[in-house]
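The values are calculated or read from the model by the stated rules, or taken from the named source; none is laboratory data. Computed from a prediction, not measured in an experiment: that's the story for all the values here. Neighbour counts are summed over all protein chains in view; Cβ atoms, including those assigned to glycine, are modelled from backbone coordinates with ideal geometry.
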Amino acid sequence: MNNQSAVHMYDALAPYYREYAQKKAAYLNSVDRFILDHIPDDAESLLDIGAGDGVRGMALAAQKKIQYVILSDISQEMVARCRQLRPSDVWQAAIENLPETDKRFDVIICLWNVLGHLADRFIRIAALKKMRRLLSGKGSIFLDVNNRHNASEYGWIRVLGRIFLDSVNPNDKRGDTCFHWKIGNDLIPGKGHLFTPDEIEAIIKESGLSIQSKIAVDYHNGLQSTQLWKGQLLYHLKK
């Protein structure tokens, strides 16, 4: 997916974003609980990359009493909603082209498969490297992505076929997908990427980040598991 496609998709989704997030509350709340459990009490700054309407990032910051918050999104419509929340600043930028700043962040969140909306492996690595540069020495990155090997979502027969094919003939492009968001009577077309655990972890390693912990989170009921085939992939990263 190129940046212009992402802009059009999220501009179209913006009026329905809060409604859609509420439908996925079990998953989103579970991810947020994991994040809150791993943010230290002395964290002072938070950057939300791909913030959507900004509500989630501001809520996480408020629960940890983080005062300095920057919300960033590529969509003009989402950025307009972020500004209404009055964070410390709002950036309108692609992930790999975030503004240069001397500020370093104790917490960086990039959630709900935002990384999967980037066009290819090279841009995803560039985005993670950019996040790493913006991270404070003690800081943490929290990242969740869609899992191509999620048997809870796709069933074991399909996933075993994918695992076999991905092992004998690895190809990142196999994870590219098209979909429609159905909200009310509207269908919003979109594109994204489904990661395998090996794929995303290789990208993380190549970006110079280290995995502190990882779990799977069921997309429907929010159940957490250390067995990665049981949900979407959620990572806690550091330098």
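For the stretch 200-232, enumerate the residues that are within 20 Å of Ser167 (Cα to Cα), in contact (Cβ under 8 Å) with a residue 60 or more places away in the chain and out of contact with any Phe, Trp or Tyr (no Cβ under 9 Å at 6 or more places or on another chain).
Result: Glu206, Leu228, Lys230.
Within the stretch 149-197, track down each residue that is farther than 18 Å from Leu228 by Cβ, of a type in the set (A, V, I, L, M) and not in a helix (DSSP H, G or I).
Ile183, Leu187, Ile188
Among the residues of the stretch 209-234, count how many are surrounded by 20 or more Cβ atoms within 10 Å (Cβ to Cβ) and more than 18 Å from Ser152 (Cα to Cα).
Of the residues in the stretch 209-234, 1 are surrounded by 20 or more Cβ atoms within 10 Å (Cβ to Cβ) and more than 18 Å from Ser152 (Cα to Cα).
Being assigned to a loop (DSSP other than H, G, I, E, B) and among the small types (Gly, Ala, Ser) is the filter here, so list the residues in the stretch 207-239 that pass it.
Ser207, Gly208, Gly222, Gly231
Provide a single number: the residues in the stretch 81-130 that are of a type in the set (Asp, Glu) and surrounded by 15 or more Cβ atoms within 10 Å (Cβ to Cβ).
So the count comes out to 3.
When only residues in the stretch 175-208 that are surrounded by 15 or more Cβ atoms within 10 Å (Cβ to Cβ) and of a type in the set (Gly, Ala, Ser) count, which is nearest to the chain's Cα centre (by Cα)?
Looking at residues that are surrounded by 15 or more Cβ atoms within 10 Å (Cβ to Cβ) and of a type in the set (Gly, Ala, Ser), I get Gly192.
A quick yes/no check of all residues on (1) buried (at least 21 other Cβ atoms within 10 Å of the Cβ); (2) touching a residue at least 40 places away in the same chain (Cβ under 8 Å):
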{"site": "Ala6", "(1), (2)": "yes, yes"}
{"site": "Arg18", "(1), (2)": "no, no"}
{"site": "Ala21", "(1), (2)": "no, no"}
{"site": "Asp37", "(1), (2)": "no, no"}
{"site": "Pro40", "(1), (2)": "no, yes"}
{"site": "Glu44", "(1), (2)": "no, yes"}
{"site": "Gly50", "(1), (2)": "yes, yes"}
{"site": "Gly57", "(1), (2)": "yes, yes"}
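For Trp181, work out the one condition from (1) of a type outside the set (Val, Ile, Thr); (2) in contact with a helix residue (DSSP H, G or I) (Cβ under 7 Å, 6 or more places away or on another chain); (3) at pLDDT 95 or above it doesn't fulfil.
Going through the list (1) of a type outside the set (Val, Ile, Thr); (2) in contact with a helix residue (DSSP H, G or I) (Cβ under 7 Å, 6 or more places away or on another chain); (3) at pLDDT 95 or above, Trp181 breaks only (3).
If I ask for residues that are under 28 Å from Gly222 (Cβ atoms), in contact (Cβ under 8 Å) with a residue 40 or more places away in the chain and charged (D, E, K, R), which ones from the stretch 119-171 would you list?
Across the stretch 119-171, the qualifying residues are Arg124, Asp144, Arg148, Glu153.
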